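Below: the structure, in structure tokens.
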Amino acid sequence: MKILTVEDDHFFQKFYAEKLREQGFTVDVASDGEEGLQKAREFHPDLILLDIIMPKKDGFDVLTDISQDPQLKSIPVLVFSTLGLENDVQKALQLGARGFVNKSLLDFNALLTKIQEITKH
Amino acid sequence: MSTVDPAKYKPLYLKTAAEYLRKMQRSLNILQKSSSDPEAIDDMYISAHSIKSQSTAMGYIQAESLGSALEFLFLETKEKRIVLTKSILTGVSKATSQLQNDLSAIQKNTAEIDLLPMVQELEHVIDISETYNN
């Protein structure tokens, strides 16, 4: 399964890419929203992990663009949330995200469970 | 099952947190000359947010707390509810120095330094600024 991680934070970028590859996923990484959209079109991921707060184009704008792009709108998106930004998660779900995972908890098992739930449908 | 040992990621944390601190210091230099520079404000916000999130993940509560206070300050600034005054920027400069000291303590495997007084100092200047602007 191919996963595109759109995350500007270098710590989480490296952490999640490494952990996902250990589990056998094929992973590509983008560092901002604009690069994320470009890579989504080129990489054709089965799932996008999307951060919300990013430079150039934030996660909300990426979700809006994905929902309007015939090539991208069928790709499920899981957003990364952080503590204190629960309202952002609600907004992301309204914009089409299929779920969220709290990236600060480093609960990789929770992420794997969400990936399985979302990609089996 | 895939368990995570945070200790394994400590070198990565120290490297990336230091990168974000350097970025904050560069943005602060810009803001000290031009306090409404939107790109510098956005960079401060994103860097503070990153330091907060990474510190939360690694269990470094003091760094998380000060990162969170800085994140809030610069979000309020982006949303134009706060104007960056000289005293706020002085506080931010002090906060970044203290974050640097905290990272040094973490690197040496000693206890984090107590950043609560700095958090309270920032919250105080935020309160004054928001009262003045409203």
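The values are calculated or read from the model by the stated rules, or taken from the named source; none is laboratory data. None of the values given here were measured: they were computed from a predicted structure. A quick note on method: Cβ atoms are made from the backbone with ideal geometry, for glycine too, and the neighbour counts reach across all protein chains shown. Heavy atoms of the whole protein, side chains included, go into the accessibility calculation; ligands, DNA and RNA do not. Shrake-Rupley method; radii C 1.70, N 1.55, O 1.52, S 1.80 Å.
Conditions (1) within 27 Å of B:P6 (Cβ to Cβ); (2) at pLDDT 90 or above, marked per residue:
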residue: A:A30; (1), (2): yes, yes
residue: A:E42; (1), (2): no, yes
residue: A:D61; (1), (2): no, yes
residue: A:Q68; (1), (2): no, yes
residue: A:L83; (1), (2): yes, no
residue: A:E86; (1), (2): yes, no
residue: A:L105; (1), (2): yes, no
residue: A:L111; (1), (2): yes, yes
residue: A:K120; (1), (2): no, no
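Considering the range A:92-109 alone, what residues qualify as being closer than 18 Å to A:F11 by Cβ and not β-branched (V, I, T)?
Passing the criteria: A:N102, A:K103, A:S104, A:L105, A:L106, A:D107, A:F108.
Which number in (1) under 23 Å from A:D58 (Cα atoms); (2) in contact with a Leu (Cβ under 6 Å, 6 or more places away or on another chain) marks the one condition that B:S50 misses?
(2) is the only condition that B:S50 fails.
Can you name the residue in the range A:30-51 that is farther than 17 Å from A:L105 by Cβ and within 14 Å of another protein chain (Cβ to nearest Cβ) and is also least open to solvent (accessible area, probe 1.4 Å) among such residues?
Here the residue is A:G33.
Does A:A97 fit the bill of being assigned to a helix (DSSP H, G or I), more than 12 Å from chain B (Cβ to nearest Cβ) and crowded, with 21+ Cβ neighbours inside 10 Å?
No, not satisfied.
So, of the residues in the range B:1-43 that are open to solvent by 80 Å² or more (accessible area, probe 1.4 Å), within 13 Å of chain A (Cβ to nearest Cβ) and not hydroxyl-bearing (S, T, Y), which turns out to be nearest to A:G33 (Cα to Cα)?
The extreme case among them is B:E39.
Do you know which residues across the range B:44-88 are open to solvent by 20 Å² or more (accessible area, probe 1.4 Å), more than 9 Å from chain A (Cβ to nearest Cβ) and among the polar types (S, T, N, Q)?
Scanning the range B:44-88 gives B:Q62, B:S65, B:T85, B:S87.
Among the residues of the range A:2-24 satisfying the criterion of being in contact (Cβ under 8 Å) with a residue 24 or more places away in the chain and closer than 17 Å to A:D58 by Cβ, which is farthest from the other protein chains (Cβ to nearest Cβ)? Write out each step before concluding.
Residues of the range A:2-24 that are in contact (Cβ under 8 Å) with a residue 24 or more places away in the chain, as a first pass: A:2-9, A:12, A:15-16, A:19, A:23.
Those still in the list that are closer than 17 Å to A:D58 by Cβ too: A:4-9, A:12.
Details: A:L4: 20, A:T5: 15, A:V6: 14, A:E7: 10, A:D8: 7, A:D9: 5, A:F12: 7 Å.
Here the residue is A:L4.
For the range B:107-134, give me each residue that is outside any helix (DSSP H, G or I) and open to solvent by 70 Å² or more (accessible area, probe 1.4 Å).
B:K108, B:N109, B:T110, B:A111, B:D114, B:N134
With the checklist (1) more than 14 Å from chain B (Cβ to nearest Cβ); (2) buried (at least 19 other Cβ atoms within 10 Å of the Cβ) in hand, flag the one item A:M54 doesn't pass.
Every condition holds for A:M54 apart from (1).
Is there a residue being without any contact (Cβ under 8 Å) to a residue 24 or more places away in the chain and more than 10 Å from the chain's Cα centre (by Cα) anywhere in the range B:58-73?
The answer is no, given that none of the residues of the range B:58-73 is without any contact (Cβ under 8 Å) to a residue 24 or more places away in the chain and more than 10 Å from the chain's Cα centre (by Cα).
Taking only pairs six or more apart or across chains, which ones have beta-carbon atoms under 7 Å, a first residue in the range A:110-121 that is in a helix (DSSP H, G or I), and a second residue that is charged (D, E, K, R) and open to solvent by less than 90 Å² (accessible area, probe 1.4 Å)?
Listed pairs, sorted by first residue: A:T119/A:D46.
Kindly provide the set of residues from the range A:25-39 that are of a type in the set (A, V, I, L, M, F, W, C) and without any contact (Cβ under 8 Å) to a residue 12 or more places away in the chain, ordered by number.
Those that are of a type in the set (A, V, I, L, M, F, W, C) and without any contact (Cβ under 8 Å) to a residue 12 or more places away in the chain: none in the range A:25-39.
Restrict the check to the range A:55-71 and report whether at least one residue is free of Cβ contacts under 8 Å to residues at least 40 places away in the same chain and small (G, A, S).
So the first thing to find is which residues in the range A:55-71 are free of Cβ contacts under 8 Å to residues at least 40 places away in the same chain, and the list is A:56-58, A:60-61, A:63-71.
Checking the rest, the ones that are also small (G, A, S) come to A:67.
Within the range A:55-71 (the criterion being free of Cβ contacts under 8 Å to residues at least 40 places away in the same chain and small (G, A, S)), the answer is yes, since at least one residue qualifies.
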